[in-house]
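Notes follow the structure.
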Amino acid sequence: VAGEGRVNKAFVREPDATDERCPRCGGIGIPVSRAVVLRHVREPASVAIAETANFCPSPGCDAVYFDMFERVIAVAAVRTPIYPKDPQAPLCACFGLTADDIDRDLAEGGATRTKACLLRARTVEARCGELAPTGQSCVAEVQRYFMRRKG
């Protein structure tokens, strides 16, 4: 974060992707661990997918996780709302920052909430690998959303 109200584009990192595409929307998957799937998906859906799975980041697609055998775990099987499948869900699973929080920052002409979350996300408090539906830090997604909304 470069300064109050500004997010440096140089720090927006694209998530790692695979060549695997979501069988429902064709979006490129983000590899996730079995532990991430088990954390976010209710049984028995969580056992109906391979050890190696992918997160589908497409907001309009009802697939949350999928595997190379084109098996899908849909939104209805997740324990809690997941961003971007549910735009009201937190972008930051660790600290609860939502799109509404970022929009409020922008409406106020600053980035107080956004900056605080990004700073915390870089500390030992962050448990992204455990709490995030992608198993990755929210930093890139938060910055991407901020920049997109800022225009």
(request) Considering only protein heavy atoms, with the full assembly of protein chains and a 1.4 angstrom probe, order Ser58, Ser33 by accessible area, largest first. (result) Ser33, Ser58
(request) Enumerate by residue number the GluC sites (Glu not before Pro) in the range 112-151 meeting two conditions: DSSP loop (anything except H, G, I, E, B), and at most 11 other Cβ atoms within 10 Å of the site's Cβ. (result) Glu125
(request) Determine the share of the chain's accessible area contributed by carbon and sulfur atoms, expressed in whole percent, with a 1.4 angstrom probe. (result) 52 percent
(message) Using DSSP to call loops (not H, G, I, E or B), can you name the GluC sites (Glu not before Pro) in the range 19-101 whose Cβ has at most 16 other Cβ atoms within 10 angstrom?
(response) Glu51, Glu70
(request) Could you give log10 I(q)/I(0) at q = 0.11, 0.22, 0.26 Å⁻¹ for the range 78-151, computed by the Debye formula over C-alpha point scatterers of equal weight, without solvent? (result) -0.24, -0.94, -1.26
(request) Show Phe55, Phe69, Phe95 ordered by accessible area, largest first, where the area counts protein heavy atoms only and the probe is 1.4 Å. (result) Phe69, Phe95, Phe55
(request) Show that you can apply the helix-only estimate: for the chain, add -39,500 (n - 2.57) for every DSSP H stretch of four or more residues, divide by all residues, and state [θ] at 222 nm to the nearest 500. (result) -7500 deg cm²/dmol
(request) Based on alpha-carbon positions alone, could you give the equivalent ellipsoid semi-axes of the chain from the gyration tensor, as √(5λ), descending, whole Å? (result) 28, 15, 14
(request) Output the relative contact order of the chain, whole-number percent, from Cα pairs under 8 angstrom with separation of 6+ residues. (result) 25 percent
(request) Quick one: order Lys115, Lys85, Lys150 from most to least accessible surface, probe 1.4 Å. (result) Lys150, Lys115, Lys85
(message) Suppose all protein chains stay in the model; what accessible area per residue would a 1.4 Å probe give for the chain, in Å²?
(response) 53 Å²
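The values are calculated or read from the model by the stated rules, or taken from the named source; none is laboratory data. For clarity, every value in this text was computed on a predicted model and none was experimentally measured. Every residue, glycine among them, receives a Cβ derived from its backbone with ideal geometry; neighbour counts consider all protein chains shown. Ligands, DNA and RNA are stripped out before the accessible areas are found, and what is left, the full protein with its side chains, is counted by its heavy atoms. Shrake-Rupley method; radii C 1.70, N 1.55, O 1.52, S 1.80 Å.
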